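Working notes, beginning with the structure itself.
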Amino acid sequence: MPVFTIREAADAKEAWNFIKENAAEQARIKQPLMVTVEAYQEKRTLEQNKRLHALLEEISEHAWAGKKQYPMEFWKEYFRRLFLLKDEYTTPDGEIIQVYWSTADLKVKDFAKFLTKVEVHAVQTLGVELIEV
């Protein structure tokens, strides 16, 4: 389903037209449309993403966990699983499947919080002395 960012009247009209054209059919197939209105928030910036990768590189070069060092890709996934749980599902056979946020989908504010958590964990838990990255 589309997401509409309303910057001017024409955008609102486009959203309304979509609702009018699709609401009846979606209701008929028992998948009604749901409309949520919220203030627009920018997705994470390129600078934030560069900062994360510099931080992960620093961690991969200096962190030791269980007498072992891990590559940057490992640390990115590790921190996603540690801090970015999106949802949890139980399959019919009882298995639990966890779904995590992609860092690319985080808003500026949420990405900043994520970066702070990674930094704190790196220093307090992994003993990494962060240089200005």
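The values are calculated or read from the model by the stated rules, or taken from the named source; none is laboratory data. Computed from a predicted structure; not experimentally measured. Note that we place each Cβ from the backbone using ideal geometry, even for glycine, and neighbour counts take in every protein chain shown.
For the subset of the stretch 12-42 comprising residues that are at pLDDT below 95 and acidic (Asp, Glu), which member is surrounded by the most Cβ atoms within 10 Å (Cβ to Cβ)? This residue is Glu42. Of everything in the stretch 58-82 that is of a type in the set (A, V, I, L, M) and at pLDDT 95 or above, the residue that is surrounded by the fewest Cβ atoms within 10 Å (Cβ to Cβ) is Leu82. For the stretch 32-133, the helices (runs of 4 or more DSSP H) that sit wholly inside it and include 2 or more residues that are in contact (Cβ under 8 Å) with a residue 60 or more places away in the chain and outside the structural domain of Glu21 (by the TED database) are 46-62, 108-124.
Quick grid of which residues meet (1) aromatic (Phe, Trp, Tyr); (2) closer than 30 Å to Val128 by Cα:
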position	(1), (2)
Met1	no, no
Leu52	no, yes
Phe79	yes, yes
Tyr100	yes, yes
Asp105	no, yes
Phe114	yes, yes
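If you check Leu115, Leu85 for being loosely packed, with under 15 Cβ neighbours inside 10 Å and modelled with pLDDT of 95 or more, only one passes: Leu85.
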